[in-house]
Amino acid sequence: MRSATREGAHVLIDTYGRVATDLRVSLTDRCNLRCAYCMPEEGLQWLSKPDLLTDDEIVRLIDVAVTSLGIEEVRFTGGEPLLRPGLVGIVERVAALAPRPRMSLTTNGIGLRRTAEALKTAGLDRVNVSLDTLRPDVFKALTRRDRHHDVLAGLAAAAEAGLLPVKVNAVLIPGLNDDEAPDLLAWAMEHAYELRFIEQMPLDAQHGWKREGMVTAGDILDSLRTRFELTAEGSEERGSAPAERWIVDGGPHRVGVIASVTRPFCAACDRTRLTADGQIRTCLFATEETDLRAALRGGAPDEEIARIWRLAMWGKKAGSGLDDPSFLQPDRPMSAIGG
Ligand code: SAM
Ligand code: SF4
């Protein structure tokens, strides 16, 4: 956590003293996959074009965030951010901002084979690619699309382009791929990808998540330990990162586990989120949003936008509320919030 007094009012600080320096920007709610834990097979309503922020609006908001609000890192996500036609241009323009934020992209990897080089040239620093299985048939069952080979090709292209370190995000689903943790780790180590398992969260459009059914961080670590020796990395190395990391077989490889449900890291959270339609979210699980788009389109100057953003973050809740019996899943699914 940052010091509460860092640059006084010019940071996104909340009443618990947390300072947000990491901005997640969702570029679209659309996707070319239909991962069961994220989207329904069909029938999800897309945001309409006029509702989406334009490329100029996105760059302006990021400019305000880095120049007036202390944002140091920008992560593009979605939906599938590679589906955004102006992505390379947005990256290029954000790279030209002063101060220049670190920039990464969370993607399903489809299309990365074609775009990795251009993204690197535009100024993107690195990528997180989501891949839950090494088995094409399981991939098809989980994502409802037969695109496993495209993801592998995208990963290779990202590494080749120097978008390093290439991180791989994996979600394990009971009865589908929950036996794959050791295989995924062996494969990631072979390719020098940094693997992180993410506990499944209640953010699916179908509201089908059940705590009893989920694969926990404990299950994942037990499974990995059947083949690898894991040593916990020191907490000082974790900082505000959501992943707890383990050194594998004495190093140098590491594996991360993001235990958002069973070991939440809300007290160290340094995130603020912007949806593709210009709403600020203080948390993935927030049930309220703050409309920046209306201010933007109403002609608000940068200082006013910064003020609204600060006020929204000031009201950030202490935690996700997942452990509270009155927990309510947010209306928007993960694909529309921006993971
Ligand atoms: N489409 C891109 C992708 O899949 O990487 C970016 C958006 S996706 C919503 C971002 C990340 O959220 C992915 O790693 C995905 O596996 C993860 N995710 C989606 N739904 C989730 C859920 N219900 N619980 C945990 N992680 C989830
Ligand atoms: Fe698409 Fe990513 Fe959601 Fe899968 S997790 S459906 S790839 S947005």
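Each value in this text was obtained by applying a stated rule to the coordinates, not by laboratory testing. The model shown is predicted, which means the values in this text are computed figures rather than measured ones. Cβ atoms come from the backbone with ideal geometry, glycine included; neighbour counts cover every protein chain shown.
By the beta-carbon count within 10 Å of each Cβ, the least crowded to most crowded order of TRP309, TRP246, TRP46, fewest first, is TRP46, TRP246, TRP309. Computed from the C-beta positions of ASP51 and ALA300 and an R0 of 22 Å, the FRET efficiency is 0.75 to the nearest 0.05. For the chain, the longest principal axis of the alpha carbon atoms and the long axis of helix 112-122 meet at an angle near 40°. By the gyration tensor of its Cα atoms, with a ≥ b ≥ c the square roots of the eigenvalues, what is the shape of segment 181-339: rounded for a/c under 1.5, prolate for a/b over b/c, or oblate? Prolate, because a/c is 1.5 or more and a/b exceeds b/c. Annotation: extensible slack from ARG307 through ARG225 equals 24.7 nm (criterion: 0.36 nm per residue apart, minus Cα-Cα distance). Straight distance only, please: which aspartates and glutamates reach the Cα of LYS317 with their own Cα at less than 12 Å, same-chain residues fewer than 8 apart left out? Of all the aspartates and glutamates, those that pass the test against LYS317 - Cα under 12 Å, at least 8 places apart if same chain - are ASP14, GLU288.
Using every pair of distinct Cα positions in segment 12-337, the Kirkwood expression returns a hydrodynamic radius of 20.2 angstrom.
Taking neighbour Cβ counts within 10 Å as the exposure measure, how do ILE247, ILE62 sort from fewest upward?
Details: ILE247 16, ILE62 22.
Least to most surrounded, the residues fall as ILE247, ILE62.
Here the Gaussian network model covers the chain, with springs between Cα atoms less than 10 Å apart; of THR231, THR143, THR77, THR231 fluctuates the most. Within the chain, antiparallel bridges make up roughly 30 percent of the DSSP beta bridges whose residues both belong there. The alpha-carbon of LYS120 sits under 14 angstrom from the alpha-carbons of these aspartates and glutamates, leaving out residues fewer than 8 places away in its chain: GLU92, GLU160.
What does a probe at ARG102 reach in segment 143-181, counting residues whose amide N is under 13 Å from the point 7 Å along Cα→Cβ? Zone members listed by number: 164-167.
For ARG310, ARG263, the sequence from fewest to most other C-beta atoms within 10 Å is ARG263, ARG310. With a simple spin-label model that places each label point 7 Å from the Cα along the Cα-to-Cβ direction, the separation between ALA268 and ARG60 comes to 3.7 nm.
Along the axis of the charge dipole computed for segment 45-187 (Cβ charges of +1 for Lys and Arg, -1 for Asp and Glu, origin at the Cα centre), the listed residues LEU176, LEU82, VAL151 are led at the positive end by LEU82. With a Förster radius of 25 Å applied to the C-beta separation of GLN329 and THR15, the computed FRET efficiency comes to 0.55.
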